[in-house]
Amino acid sequence: MTWSENSTQLDENLDWPTHGHYEHAHLYASREKVHTFASLPQLLTRQLDYAVIGAGPIGAALAYKLALDHPQRTILLVEKNWNEPDRIVGELMQPSGCQALEELGLGNVFSGIGAVPAHGYFISYRGKQLYVPYMNRPSGKEGRYKGVSFHHGRLVMNLRAACKAMNNIVCVEASVTELLGEHDKAGELRYVKGVKIGPAKSSGNGNDPEYDIFPQLTFVCDGITSQFRKELNPTKIELISHFCG
């Protein structure tokens with residue numbers, strides 16, 4: 001299957017969610033809904049049902065879904081830096097990821113950030129070219145599945161904007177310094193009961209206040225540079241594949 005034989009399959013569908021306006025665009029860079037660490041004592045007077053540590057793609061999507069499914073619950077979303085991330089990572093989302101976001105109610109997060117629909121792979125090697133398209137949709141549905149290419153930081157900001165729009169998500173700029181829970185005789189953490197929260201940026205004088213929070217459930221989603229991963233799972237992670245593009 002060559003590129004020229006199938007180029008007609010790349011026509012854009014104007015209904016694809018990368019086109020059009022994003023409903024939470026006004027909250028993209030807004031700090032109106034982001035509480036500072038100084039306001040944390042007042043926030044702790046509220047009942048906090050869930051705590052999500054990290055407002056990256058996983059943490060923000062999880063917090064949004066929890067808030068959507070449990071409107072009577074309050075979710076604390078802690079992120080040490082609410083500014084737009086500026087790094088190259090995860091710039092292509094495969095079709096299954098796009099479908100997952102749709103099922104989470106976040107299918108429109110690609111709007112307004114310059115995202116580009118991806119239809120498959122174009123492979124060129126020693127003068128030979130090959131087009132490998134994504135699979136067809138199930139019978140009864142037209143077209144093929146699509147992925148999306150985008151700027152990582154912009155997608156994160158759209159996901160965070162969706163969280164800011166939820167009245168039962170409390171967004172806080174702070175750092176989680178410790179997981180609180182029960183340890184076994186070997187000193188390994190067995191159960192997480194809460195977290196210790198400090199300021200996003202330490203003053204360096206050792207006098208920064210910290211607060212213990214004990215929600216009903218804590219989700220640790222602090223990303224690729226997680227300081228808690230080894231504490232939660234001491235098993236060494238085995239790298240089983242690589243992706244280059």
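Just so you know, in the range 151-166 the residues that are in contact with a Ser or Thr (Cβ under 8 Å, 6 or more places away or on another chain) and of a type outside the set (D, E, K, R) include one that is farthest from Gln94 (Cα to Cα), and it is Ala161. Considering only residues that are open to solvent by 20 Å² or more (accessible area, probe 1.4 Å) and in a loop (DSSP other than H, G, I, E, B), which ones fall in the range 46-55? Within the range 46-55, Arg46, Gln47, Leu48 meet the criteria.
Strands (runs of 3 or more DSSP E) fully within the range 73-151 that include at least 1 residues being closer than 30 Å to Gln227 by Cα and not hydroxyl-bearing (Ser, Thr, Tyr): 75-79, 147-149. The C-beta contact set for the range 173-188 (first residue more than 25 Å from His35 (Cβ to Cβ), second residue assigned to a loop (DSSP other than H, G, I, E, B) and open to solvent by 60 Å² or more (accessible area, probe 1.4 Å), distance under 8 angstrom, 6+ apart or interchain) comprises Glu188/Pro234. Quick check, is Leu180 at pLDDT 85 or above and either open to solvent by less than 70 Å² (accessible area, probe 1.4 Å) or in contact with an Asp or Glu (Cβ under 7 Å, 6 or more places away or on another chain) (or both)? For Leu180, the condition - at pLDDT 85 or above and either open to solvent by less than 70 Å² (accessible area, probe 1.4 Å) or in contact with an Asp or Glu (Cβ under 7 Å, 6 or more places away or on another chain) (or both) - is met. For Thr18, the conditions (1) among the β-branched types (Val, Ile, Thr); (2) modelled with pLDDT of 95 or more; (3) under 22 Å from Leu104 (Cα atoms) are fulfilled apart from (2). Scanning the range 74-91 for residues that are under 19 Å from Leu62 (Cα atoms) and among the β-branched types (Val, Ile, Thr) yields Thr74, Ile75, Val78. The strands (runs of 3 or more DSSP E) found entirely in the range 187-231 that carry 2 or more residues being surrounded by fewer than 17 Cβ atoms within 10 Å (Cβ to Cβ) are 189-198, 211-213. Exactly one residue out of Gly143, Gly114 is touching a residue at least 12 places away in the same chain (Cβ under 8 Å), at positive phi and over 21 Å from the mean Cα position of the chain (by Cα): that is Gly143.
Filtered by the rule that a residue be out of contact with any strand residue (DSSP E or B) (no Cβ under 7 Å at 6 or more places or on another chain), open to solvent by 20 Å² or more (accessible area, probe 1.4 Å) and touching a residue at least 12 places away in the same chain (Cβ under 8 Å), the range 57-71 gives Pro57, Ile58, Tyr64, Lys65, Leu68, His70, Pro71. If you check Ala174 against the conditions, is it open to solvent by less than 20 Å² (accessible area, probe 1.4 Å) and under 23 Å from Leu232 (Cβ atoms)? Yes; evaluated as a whole, the condition is true for this residue. In this structure, Tyr121 does satisfy being open to solvent by 70 Å² or more (accessible area, probe 1.4 Å), at pLDDT 85 or above and of a type in the set (Ser, Thr, Tyr).
The values are calculated or read from the model by the stated rules, or taken from the named source; none is laboratory data. Not measured: the values here are computed from a predicted model. Note: ideal-geometry Cβ built from the backbone for every residue, glycine included; neighbour counts use all protein chains shown. Calculation scope for accessible area: heavy atoms of the full protein, side chains included, ligands and nucleic acids excluded. Shrake-Rupley method; radii C 1.70, N 1.55, O 1.52, S 1.80 Å.
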